[in-house]
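Q: Here it is, the structure in full.
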Amino acid sequence: MSGDHVDGLLADWARERPDLDTAPFAVVTRIRRAAALLEAAVDAALAPLGLTWGALDVLATLRRAGPPYQRSPTALYSAALRSSGSMTNRIDRLERAGLVARTPDPGDRRGVLVALTPAGLALVDRALEAHRATAERLLAALPAADRPPLAALLRALLLGLEAPPPAGR
């Protein structure tokens with residue numbers, strides 16, 4: 001079996017800095033490279049539907065909320081898998097496309113809710129099917145039995161990364 005892209009990087013470091021323990025690089029760089037390749041493949045698969053993974057994330061977050069498929073922008077940001085920095089822009093683009101609508105929040109006179117429109121609901125359900133098929137295709141290199149242990153390892157990593165820093169830091 002030939003090496004992957006990261007093997008080449010690690011070989012370069014072993015030659016240039018044999019004193020440097022590159023074991024952490026082997027994991028972190030592979031995760032970073034895999035994330036970039038996965039995002040590009042998912043974006044390409046969603047492009048025929050006029051979506052990106054970021055847009056699907058917003059629509060899917062609303063879809064997961066259940067009827068009436070709405071959340072406040074703050075709750076939408078908190079539940080989404082993306083940063084808050086671009087959430088307003090994403091909502092604006094989805095609203096212009098007729099996939100979401102902002103409505104006054106009856107529980108907060110100053111607030112708004114973001115809700116899926118009927119077109120948004122129909123599109124997100126189609127996009128989820130396309131996304132699932134793409135994810136299956138992207139994972140084809142991994143035997144099915146290897147996927148649950150990998151998911152568990154990644155969960156443990158994320159729990160550590162998402163944990164609040166210890167007090168005093």
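Q: Cβ-Cβ below 8 Å, separation at least six or inter-chain, first residue in segment 72-91 and assigned to a helix (DSSP H, G or I), second among the polar types (S, T, N, Q) and modelled with pLDDT of 85 or more: which pairs?
A: Sorted first by the residue in segment 72-91, then by its partner, the pairs are Pro73/Thr88; Leu76/Thr61; Ala79/Thr61.
Q: Would you say Arg82 is at pLDDT below 95, more than 14 Å from Ala115 (Cα to Cα) and of a type in the set (D, E, K, R)?
A: Here the answer is yes, as Arg82 does meet what is asked.
Q: A further question follows. From the list Leu154, Leu150, Leu158, pick out the single residue that is modelled with pLDDT under 95 and assigned to a helix (DSSP H, G or I).
A: Just one listed residue meets the conditions, Leu158.
Q: Any idea which of Gly54, Gly98, Gly50 is touching a Ser or Thr at 6+ places or on another chain (Cβ under 8 Å), of a type outside the set (A, V, I, L, M) and closer than 24 Å to Leu37 by Cβ?
A: Gly54
Q: May I ask you to verify whether Val112 is in contact with a strand residue (DSSP E or B) (Cβ under 8 Å, 6 or more places away or on another chain), among the aliphatic types (A, V, I, L, M) and either modelled with pLDDT under 95 or not in a helix (DSSP H, G or I) (or both)? Steps first, answer last, please.
A: Working: in contact with a strand residue (DSSP E or B) (Cβ under 8 Å, 6 or more places away or on another chain): yes; among the aliphatic types (A, V, I, L, M): yes; either modelled with pLDDT under 95 or not in a helix (DSSP H, G or I) (or both): yes.
Yes; evaluated as a whole, the condition is true for this residue.
Q: Inspect all residues belonging to segment 27-39 and state whether any of them is of a type in the set (Ser, Thr, Tyr) and modelled with pLDDT of 95 or more.
A: yes
Q: Here's another thing I want to ask about it. How many residues does segment 36-58 contain that are surrounded by fewer than 19 Cβ atoms within 10 Å (Cβ to Cβ), more than 14 Å from the chain's Cα centre (by Cα) and assigned to a helix (DSSP H, G or I)?
A: The total comes to 4.
Per-residue answers, yes or no, for (1) in contact with a strand residue (DSSP E or B) (Cβ under 6 Å, 6 or more places away or on another chain); (2) among the hydroxyl-bearing types (Ser, Thr, Tyr); (3) surrounded by fewer than 17 Cβ atoms within 10 Å (Cβ to Cβ); (4) modelled with pLDDT under 95:
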{"site": "Ala60", "(1), (2), (3), (4)": "no, no, no, no"}
{"site": "Ser86", "(1), (2), (3), (4)": "no, yes, yes, yes"}
{"site": "Ala127", "(1), (2), (3), (4)": "no, no, no, no"}
{"site": "Glu136", "(1), (2), (3), (4)": "no, no, yes, no"}
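Q: Restricting the search to segment 122-151, which residues are of a type outside the set (Val, Ile, Thr), closer than 30 Å to Pro73 by Cβ and touching a helix residue (DSSP H, G or I) at 6+ places or on another chain (Cβ under 7 Å)?
A: Selection gives Leu123, Arg126, Ala127, Leu128, Ala130, His131.
Q: List the number of the failed condition for Asp43; all other conditions in (1) among the acidic types (Asp, Glu); (2) at pLDDT 95 or above; (3) more than 26 Å from Leu142 (Cα to Cα) hold.
A: The number of the failed condition is (3).
The values are calculated or read from the model by the stated rules, or taken from the named source; none is laboratory data. Remember, predicted model here, so these are calculated numbers, not experimental data. Cβ atoms come from the backbone with ideal geometry, glycine included; neighbour counts cover every protein chain shown.
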